[in-house]
Structure formats: structure tokens, C-alpha cells
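Every read-out reported here was derived from the displayed coordinates using simple, explicitly stated rules and does not represent laboratory data. Worth saying up front: this structure is predicted, and the values here are computed from it rather than measured. Using ideal geometry, Cβ is built from the backbone for each residue, glycine included, and neighbour counts are taken over all protein chains shown.
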Amino acid sequence: MKVSPDRQLKVSPDGQPTAEVIARVKDIPIYRDALVRGHFPVLEKAEIARGFPDNWMTPALTTALASGEAEFVLSTGTNHARMQLIRPPYFLLRSYYRLWSEHPDIRETWEADCRRVSLTTVLATEHVARVNARKRGEEPPPVPRVEDRRLDARTSYLNLRLDPALWERADVERMLAEIEAARQTHPRGWYHLDSSGYHLAHLLRKIHTWGLWDAFSPPASIIHAYEYTPVNVRRYLQQHFACPIIDLFGSTELGYLFYSDRRGRYHPFLDDMSVELAPVAEGSGLFHLIVTSLRNPHMPLIRYRSGDCARTSDGTPDPTNITQFCGREKELLDSPAGPVSQGDLDALVGAVSPRVFVHQLRVLSSAEAVLAYTTFDGKPLESDRVAALGRGVRELTGRRCVLDHRDHIPIGKSGKYAWLAPDGK
């Protein structure tokens, strides 16, 4: 699957929009100064929020909001403040469905009309329950029922707890029963599993702990698309599933921009978009994404800094050579050798031991750090692996590092893990 080049936005060599793009945004207040100056600077999240929503209002948008063709939503806010947005209803879902329906490795399950079960953050489940309650003119129930958690005829959400590590046997048995119910609706017993990589790994561990394999039928295809999926988690999932496991990269405000194939190689999906890669620091080989997108007609973004970081196969700023999306720019760690990303630490951990499950770095000072970790089997790492990880973290971050094996590392309030311990805790 490839987006035809003529459907990708054309930009000048320095990333400036073409006359065609400018014509699409000329009436939007936030871009007036850029139009007067003849130059579009990088658009920051703070600028989007400043004066919102008046800085986006046009007569056409006012009409769209009144008719329901546009709506206000909030970004997911993984580990940072949530951003208010304006977009068409089901904007992200339509982007997801289009990718699923066209992806060469998994479109068969779309065409076969598989049910989609989603195992991700409880915030996503609660959002679906709120939307459904609003349609009925009711308040959402404290504990959403199965019917409250159906996004549409095809998709339902499973998770009702913030921290998947704390799922009890009853939680897992309920989710497995709901998966089985979705599977039984299909004549071939197929279903599509949409998940956070972490949540799915936790489910597999719980199934193993309680011997529930007979109650779990593997899916026909898997997409994980909600957060950074560590090397070891991907490896763990691949060991348990024979079906294609696909990663999507995108955001609430942009939709999906890249997809992996079943071998893990990334491909652009830049319909009505273009991407620039700008170096985070000279010589680091780390880039942040600057995106121009007309995909959302109500809030087109010109040279928008998404806040995400990536690395390429050859160290050049060529988006077609991206090999890793490696976390958020706001979560980079300073080191004597340059900025360190979530993906950099993860690559080190994955190279030292495949047994590490969740890991989190706590920076004590410019000279010391602690790497807390859990393992898939619950046992501490071997002493030589502990030593190797300590050395690796010191080389990567410039800080002496002690390892701290734990039974549990709490998940964040967003239902996602932070690779750096928040507030030094």
C-alpha cells in the first residue's frame, strides 16, 4: 500500500507551502501574519492554543460547527497537557479504518468484515461511553456496560481499569468472554485486535499466570497504535502470535502518517500531508517531525511541530528512511553526548536482555540514575545482564546507574507508561 505521490502535498525545498496550500488557509486568522510576511514559521502547540478557538474561526468553520460537521475534541495528552482541537466527527477512526482496509498484510480481515476489539487505555473506553451516553441524553454510567463501550457496529472497547498490571482474574475472564463473543459473530471465527502493545502483553501474562489459554482464541490480525511499543514487547507479542502485527504512527490532531509492514519496516501514509525532519541537535541523528496537513479541513496545520522524534536508516532528514519513532521531544534527556530519547534507551535494553518488560529511568542528578524494571517472568535479571545494562546506561546518559528490579511499575494517569520517572519519583 502506498499513497500516490500526487496525493501528497507539494512543498518548497525549505518546507514552505505552495500557492495551492496557501489558498486553502488564507482566511484562517492564525495564518494572517505568515501570509503578510510571506513566510510560514514552524507552528507550535502553544500558538495553536493561544486565542483558541477564535484564531481558527472562519465563516465556513462556524457553519460546520453549527451543523455538526465539525466538533471540539481534546488530544490524548499522553504525559503532557491536553490540546483542544476542531475536527470532523470520527476523524481518527476513519483514518484508522482506511489504513486497515488498504494495508497489504491485513486488509483481508477488513474485507472479511471482522469485528474489531480494542484493548487500550481506560480513558479511551470512558470516552466511548461518554459519547454514547451523550447521544442518549444521559450521564455515562460509573462502570460502562458492553453496549456502552461499542464505538460503532464493528468496534468495541474492553478495558475498565487504569493499570493493566492490576487486572484481576475476573477482569481478564470478562475481557476474554467479550473477545470470544466478537469472534463467534464471524463465520470463520476471525476478529481483529486493536491494542496498546503494553496492554496486550499484560493480557498474555495474566492468561499464562491463571492458565486461561483455552479461553483465548488468537486474532486474525493485530494493530498496535496507541503509544511507543518497546522492542521487547514487540518481540514478546511476535512470539505468541502468528498473525501480522502492524504498528501505526499518528496523533489525534493529524490522523495516521506512517504504518509498518509485518516485518516492522515503516512506510509513509501522507495523503494530503507532507513531513519535514528537522535535527533536534546538530550531529545527534535525532529528528523532530514538522508536518503540513490539509487532511482535517477544519483545522489545517501548516509546518506544525508534532512533538515526536524519529531516527532514519542513514541519519539523513529523509522521511522515507524513518526506521524508528522514538518518543516525544519534551521527554528527551540531556547527556554529555547529546539528547537521549525513549527509543535510545529502549534499544539498549532490548539489546542487553529480551526478558525486560517495563522499564523506567529515574534521574537523581547529572551524575546518577536508577533504572527500575520488571521482567516478563517476574524474576530479576542475571548479574552479568545487570552489569551490562548499568554500563550501557552510563555510556548512553553519562550517569552512573543502579538497576532496581520490581514486581510492578505503576502506569501513568493517561494509561500510558512514562520512560522517565515523573518528578524524579
Report the calculated FRET efficiency for Leu93 and Ala46 (r = Cβ-Cβ distance, R0 = 22 Å), to the nearest 0.05.
0.20
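Classify segment 110-183 as rounded, prolate or oblate from the Cα gyration tensor: take a ≥ b ≥ c as the square roots of its eigenvalues, call it rounded if a/c is under 1.5, otherwise prolate when a/b beats b/c and oblate if not. Before the final figure, lay out each step's value.
On the way: a/c = 1.92, a/b = 1.04, b/c = 1.85.
Cα axes put segment 110-183 in the oblate bin.
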Among 405-418, 109-122, what's the highest-first ranking by average C-beta atoms within 10 angstrom per residue?
109-122, 405-418
Run the numbers on the chain and let me know its relative contact order in percent, using alpha-carbon pairs under 8 Å that are six or more apart.
14 percent
Take each complete run of DSSP H in the chain, measure how far its Cα atoms stretch along the helix's own axis, and keep only those covering 15 Å or more with mean Kyte-Doolittle hydropathy at least -0.5; list them.
91-102, 122-136, 197-210, 342-352, 383-397
Label Ala388 and Phe241 with points 7 Å out from Cα along Cα→Cβ: what is the distance between them in nm?
2.8 nm
Give, in nm to one decimal, the length gained when the segment between His39 and Leu123 is fully stretched (0.36 nm per residue of separation minus the Cα-Cα distance).
26.3 nm
Taking the Cβ of each residue in Leu193, Leu160 as the centre, tally the other Cβ atoms inside 10 Å and list the residues starting with the fewest.
Leu160, Leu193
Within the set of other residues whose C-beta is less than 11 Å from the C-beta of Ala19, count the net charge using Lys and Arg as +1 and Asp and Glu as -1.
+2
Enumerate the calculated ³J(HN,Hα) couplings along segment 142-153 in order (Karplus 6.51 cos²θ - 1.76 cosθ + 1.60, θ = phi - 60°), each rounded to whole Hz, writing x wherever the residue is Gly or Pro.
x, 10, x, 7, 4, 5, 6, 9, 8, 6, 7, 5
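So if each residue of separation counts as 0.36 nm, and I subtract the Cα-Cα distance between Asp27 and Leu162, what length gain in nm does that give?
Extra length from Asp27 to Leu162 when fully extended: 44.4 nm.
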Ranked highest first by the average count of other Cβ atoms within 10 Å around their residues, in what order do 352-364, 369-381 fall?
352-364, 369-381
Segment 134-252 - Rg and Dmax from Cα coordinates, angstrom:
14.8, 45
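Based on the alpha-carbon set only, what is the convex hull volume of the chain divided per residue, in Å³?
Spread over its residues, the Cα hull of the chain gives 154 Å³ apiece.
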Arranged from highest to lowest average of other beta-carbon atoms within 10 Å per residue, in what order do the peptides 46-54, 274-282 appear?
274-282, 46-54
With no solvent and one equal point scatterer per Cα, compute the Debye intensity ratio I(q)/I(0) for segment 333-424 at 0.12, 0.23 Å⁻¹ and report its log10, rounded to two decimals.
-0.33, -1.26
